[in-house]
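J.: One structure coming up, written as structure tokens, with questions to follow.
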Amino acid sequence: MSDKKPLTVALHGMDERSRKIMMMFLQGPCRGTVIVIDDDDPDVDIFDGDMPASKKLLSEHLRAAREKPTIVLSLQDFNHEGVLQVRKPVKTDDMLAVLNEAKVQLADFARKKAEKQAVLATSEAEEDDESEPQPFKTYVLDRDERKKTSKHRTAMRFDEKGFQGYIGSLSDIDVNDPAQFANASYDPKDYFQGYIQSAFMVCHAKGQIMQLQSGWKPIMIFPHTHEVWLDADDPQLRAFAGIKLNQNSTSKMSISPVNAQTMGLGGSLDKFQSMDAFLWKLACWTSKGRYPRLIDYTQPVYLKCWPNFTRLLITPHALRIAALLMQGPRTLPNVAQVLDIKPQYVFVFASAACALGLMRQAKREADNLIQPPEVKATKGQGLLSRIMNKLRG
């Protein structure tokens, strides 16, 4: 679906008065984004989560197999996997942010359906090929199940209190003190994050499955399915992410091709993660509330596109930050000021967004429309050169 095409939405479980108010709201502040329809085939279903009659309809809806986004409007927290919520009273920014998420979900549903059909076709072809090694066959057939596991593990939402303990703290700098903003940056190349980003670039350039050896735990990188395999849990990775690497550590880094047909990872599906979700949370843990050094905090930044929050770690105020930056370029301190939040939440979001190539510095007026082609290629170039040299050697 094109981002410019309005979503069609259906309203459920609302009395006549509530329905008219919601239609006026969607056709007013949200004009051009959605079209309210009465048929049973909308892009998005919107439910009132507080009215008794609606609760029954919603319960039946959630028990059925869903292939479309669902939005719940409620005064209370509503937690159900895959369901989007807008707190009452409904605010324009909140609704627009969730509608953007619904667009991402809708595209994801369509992509999963297409991938499932492709996997089924692949499995039928492989059943006729008796020479195909079993580990690789298992790897192919279980891609959908791996994605479900990875999505469930990474699509977490944190409040401020829980997130502070999750990312860790810094003893030498207060990232919330404006006087220290100039020093509140970090260089990803000094941490494991930089080597992962360089390894991802090497794998994509080579088009091969590769293994990154780091002196810690090996990481398998699958460029064609955009996944990684790591035999470590999040607390272990979080601890390693925050360690500044020295010369002894970097000398142990190497990357080499792997034979997919003999590696036998089929029985360890829970250890697969999407590359984007993995790098996003790795950047959050490395940042610890700092922004990446490639960003000048005194100059505006912009978002190239809306992050796929259905697959990513949702940091505090991430949806509000993304919605504000989608409106136009702003400096990081200005985002914190406008939203009345701590700068560390803007900085950690900027770190994760930059790692995925979603954020850029707006140095000229046209920069929010044109992607600078050289930025991603030069980031971590020294690391990439060293890894490529090791690969050639």
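J.: For the structure I just gave you, tell me whether Gln180 is part of a strand (DSSP E or B) and open to solvent by 20 Å² or more (accessible area, probe 1.4 Å).
T.: On the way: part of a strand (DSSP E or B): no; open to solvent by 20 Å² or more (accessible area, probe 1.4 Å): yes.
It is false that Gln180 is part of a strand (DSSP E or B) and open to solvent by 20 Å² or more (accessible area, probe 1.4 Å).
Yes or no, residue by residue, for (1) part of a loop (DSSP other than H, G, I, E, B); (2) out of contact with any Leu (no Cβ under 9 Å at 6 or more places or on another chain); (3) open to solvent by less than 40 Å² (accessible area, probe 1.4 Å):
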| residue | (1), (2), (3) |
| --- | --- |
| Asp50 | yes, no, no |
| Ala53 | no, yes, no |
| Leu73 | no, yes, yes |
| Asp77 | yes, yes, no |
| Asp94 | no, no, no |
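J.: Is it true that Ala110 is in contact (Cβ under 8 Å) with a residue 40 or more places away in the chain and not basic (Lys, Arg)? Working first, answer last.
T.: Working: in contact (Cβ under 8 Å) with a residue 40 or more places away in the chain: yes; not basic (Lys, Arg): yes.
Answer is yes for this residue.
J.: Output the residues belonging to the range 226-238 that are surrounded by fewer than 17 Cβ atoms within 10 Å (Cβ to Cβ) and either in a loop (DSSP other than H, G, I, E, B) or touching a Leu at 6+ places or on another chain (Cβ under 8 Å) (or both).
T.: Listed by number, the residues that qualify are His226, Asp231, Ala232, Asp233.
J.: Starting from the range 37-65, take each residue that is over 11 Å from Ala10 (Cβ atoms) and list its partners that are in a helix (DSSP H, G or I) and open to solvent by 50 Å² or more (accessible area, probe 1.4 Å), counting only C-beta distances under 8 angstrom and pairs at least six apart or across chains.
T.: Every condition considered, the pairs that remain are Gly49/Lys55.
J.: Quickly run through the range 340-353 and pick out the residues that are surrounded by fewer than 23 Cβ atoms within 10 Å (Cβ to Cβ) and more than 11 Å from Ala318 (Cβ to Cβ). Can you show your working first?
T.: At the first step, the residues of the range 340-353 found to be surrounded by fewer than 23 Cβ atoms within 10 Å (Cβ to Cβ) are 340-342.
Result: Asp340, Lys342.
J.: Which of the numbered conditions does Lys5 fail, given that it passes all the others? Conditions: (1) in a loop (DSSP other than H, G, I, E, B); (2) open to solvent by 30 Å² or more (accessible area, probe 1.4 Å); (3) at pLDDT 85 or above.
T.: In the conditions (1) in a loop (DSSP other than H, G, I, E, B); (2) open to solvent by 30 Å² or more (accessible area, probe 1.4 Å); (3) at pLDDT 85 or above, Lys5 misses (3) alone.
J.: A follow-up question, please. If you go through the range 252-260 one residue at a time, do you hit one that is at pLDDT 90 or above, out of contact with any helix residue (DSSP H, G or I) (no Cβ under 7 Å at 6 or more places or on another chain) and not aliphatic (A, V, I, L, M)? Even if it seems obvious, please write down each step before you answer.
T.: To start, the set of residues in the range 252-260 that are at pLDDT 90 or above comprises none.
There is no residue in the range 252-260 that is at pLDDT 90 or above, out of contact with any helix residue (DSSP H, G or I) (no Cβ under 7 Å at 6 or more places or on another chain) and not aliphatic (A, V, I, L, M).
J.: Give the residue that is farthest from Ile255 (Cα to Cα), with candidates limited to residues of the range 183-198 that are outside any helix (DSSP H, G or I) and out of contact with any helix residue (DSSP H, G or I) (no Cβ under 7 Å at 6 or more places or on another chain). Quick ask: steps written out before the conclusion?
T.: So the first thing to find is which residues in the range 183-198 are outside any helix (DSSP H, G or I), and the list is 184-187, 191.
This time we only want the ones that are out of contact with any helix residue (DSSP H, G or I) (no Cβ under 7 Å at 6 or more places or on another chain), so: 185, 187.
Details: Ser185: 28, Asp187: 21 Å.
The residue in question is Ser185.
J.: Sticking with this structure for a sec: Lys68 passes all but one of (1) in a helix (DSSP H, G or I); (2) open to solvent by 40 Å² or more (accessible area, probe 1.4 Å); (3) of a type outside the set (Val, Ile, Thr); which number fails?
T.: (1)
J.: Okay, moving on. Mind listing whichever residues of the range 321-331 are surrounded by fewer than 19 Cβ atoms within 10 Å (Cβ to Cβ) and either farther than 13 Å from Val104 by Cβ or touching a Lys or Arg at 6+ places or on another chain (Cβ under 7 Å) (or both)?
T.: If we filter the range 321-331 for residues that are surrounded by fewer than 19 Cβ atoms within 10 Å (Cβ to Cβ), which is where we start, we get 326-329, 331.
Result: Gln327, Gly328, Pro329, Thr331.
J.: Still on this structure, I have one more. Only one of Gln76, Gln27 is closer than 17 Å to Pro6 by Cβ and among the polar types (S, T, N, Q); which?
T.: Answer to the selection: Gln27.
J.: Taking Cys284 as the residue in question, decide whether it is open to solvent by 40 Å² or more (accessible area, probe 1.4 Å) and under 26 Å from Gln85 (Cβ atoms).
T.: Answer is no for this residue.
J.: For the range 286-308, give me each residue that is at pLDDT 90 or above, of a type in the set (S, T, N, Q) and under 17 Å from the mean Cα position of the chain (by Cα).
T.: Listed by number, the residues that qualify are Thr286, Ser287.
The values are calculated or read from the model by the stated rules, or taken from the named source; none is laboratory data. Keep in mind that this is a model prediction, so the values were computed, not measured. Using ideal geometry, Cβ is built from the backbone for each residue, glycine included, and neighbour counts are taken over all protein chains shown. Surface areas here come from the heavy atoms of the whole protein model, side chains and all, with no ligands, DNA or RNA. Shrake-Rupley method; radii C 1.70, N 1.55, O 1.52, S 1.80 Å.
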